[in-house]
Structures are given as C-alpha cells and as structure tokens.
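The values are calculated or read from the model by the stated rules, or taken from the named source; none is laboratory data. Quick caveat: nothing in here was measured; it's all calculated off a predicted structure. Here Cβ is always computed from backbone atoms with ideal geometry, including for glycine, and neighbour counts include all displayed protein chains. Please note that ligands, DNA and RNA were not included when accessible areas were found on the heavy atoms of the full protein model with its side chains. Shrake-Rupley method; radii C 1.70, N 1.55, O 1.52, S 1.80 Å.
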Amino acid sequence: MQVIVERILVSYVSALQGVAVTWHIPHRFSKQMALKSELVNLGVKIANPSSTAGVIDIMKDLQRYCPTKETGELHTILCNGDGLSIERMIGAKRSRARTPTPASRLDGVYPAPQEFYKEGILLQDIMNEMFTQTSIADRRTLYQIKEFFNHKSVKKYVMENFQHVWDLLKTKKEIWFSVATLTAMDPGFTSLVSTHLCNICRQETGIAVRLASLPLDIFIAHAKNTQRKT
C-alpha cells in the first residue's frame, strides 16, 4: 500500500514531483518474471464443456502435462476459468472423489478463478453497497462523484462495464490520497494541486478548489481524532 500511495502522490502533487519512488515492487520471483514467457499451444480438445463427462475428459487431458514426483505424486497445477467453468470443474472432481488413484481423482488440476473475475466480484460488492442513485446529492458518495467527474458510462453491474467502474474507483482513491497529503502539508494547499489532477475531469484548472473540497472535512476530523489519541 505504501508504494501505491507514493506513486499517486508523485504523479499528482506538484511539490513532490521528481521524488524517487518504487515503480516495480521486487519479490522473490522478480528475476523469473522478467524473462519472456514461452507460449505453447495445447491444441483443441473435442469435448462438451457443458457436461460433467466432457469436463472430466478435458481435465484428464490437461492432467497429462502435470509433472510427477519420484513418489508418483502429481504436482498440482492451476487451471483458470470463469465462474461457471470453475463450478463445473469442482463438480467433476467431486464426481471422481472416491476413485483409487490421484490421477483418477484429477488431483493434478486445481480449479482457480482468474484474477479478473475475482476482482469483478469484489468491485460488485462495493457497487452494491455504495453506488445508489438516491445518493446523487450526497457529497463524496460514489454516485455523486460519478456525476461530478462526468463518468457517464458507469453502470452498477460491473461485468458490463468493468473498466469504467475501475476508473471511477481509481479516480476517487487518487483524490482522497492527494487531498489528505496536501492538507497535512499545508492547509492552503490549492496552489500545490497539480494541473494533471484537474485533467482527470477534463475541466479548467480552477476546478481544483472544488475537487479538493470533496473529502476535506473527513480528513480534518480524522486529524483531530488522531491528535486527541496522541
């Protein structure tokens, strides 16, 4: 989270531009991830993915590519798919649960939803709870910010407009972090707001005052509470 906040502030706060931040988060597989992937076409399997028998047939075919340990155990590999495909794969594995060998139980293939679909589920939960048309007049609500920044394409059902919903939430996140930082730096922060931040809503630079005032009272209250605790 710290790295993400740093990126936002360097991008939008003029006073911090030029500060060195981490643009790539290193991890233990960074070296391997930097290498070019080699894609291998496994061909087309003639089977009905809508039936349990067809899914079992497909999973058996995929399992042929699972490495085997010296003990005969299968190395488990992920098999990604959408929600319906995952449900069918789980059903196929359950139907083979009482068979005697790991291979016949399809232990080598582990159904896992793709990150895109998991992200869609999380975004849908947010939209269901926080995105309501009746809140259009309430400041700082998602619907009010949608109208304020002219995100006309945003609809409540995420999978119909995934990128538009993502952009709306990204805009709100960047505003909140920027305003919180600018308020902490200087209560008279208007002159520090980057023109680039104003361009998010494609309006004149003077919109910075209105933009910054959206969540300002929230951060002032938070600062006062923090001071009381300390």
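A probe of 1.4 angstrom, applied to the heavy atoms of all protein chains, finds F116 with accessible area near 90 square angstrom.
Of the whole protein surface, L169 contributes about 40 Å² of accessible area at a 1.4 Å probe radius.
Here's the picture: charge each Lys and Arg Cβ at +1 and each Asp and Glu Cβ at -1 in the stretch 7-150, and of G43, I126, G81 the one pushed furthest to the positive end of that dipole is G43.
A simple spin-label model places pseudo-atoms 7 Å from Cα toward Cβ; at E87 and E115 they are separated by 2.6 nm. Note on A47 and N150: their simple-model spin labels are 5.2 nm apart, each label 7 Å out from Cα toward Cβ. With a 1.4 Å probe and every protein chain left in place, tell me how much accessible area V55 has, in Å² to the nearest 10. Approximately 10 Å² of V55 is accessible to the 1.4 Å probe. Among the trypsin sites (Lys or Arg not before Pro) in the stretch 1-94, those placed in a DSSP loop whose Cβ has at most 15 other Cβ atoms within 10 Å are R28, K36, K45, R64, K69.
Summing +1 for each Lys or Arg and -1 for each Asp or Glu among the other residues whose beta-carbon sits under 14 angstrom from that of R94 gives +3. Listed cross-link partners K45/K93; K152/K173; K36/K156; K118/K173; K118/K146; K118/K172 are compared with a 26 Å cut-off, the Cα-Cα value being larger for K36/K156. Put F29, F177 in order of accessible area, highest first, and with a 1.4 Å probe you get F29, F177.
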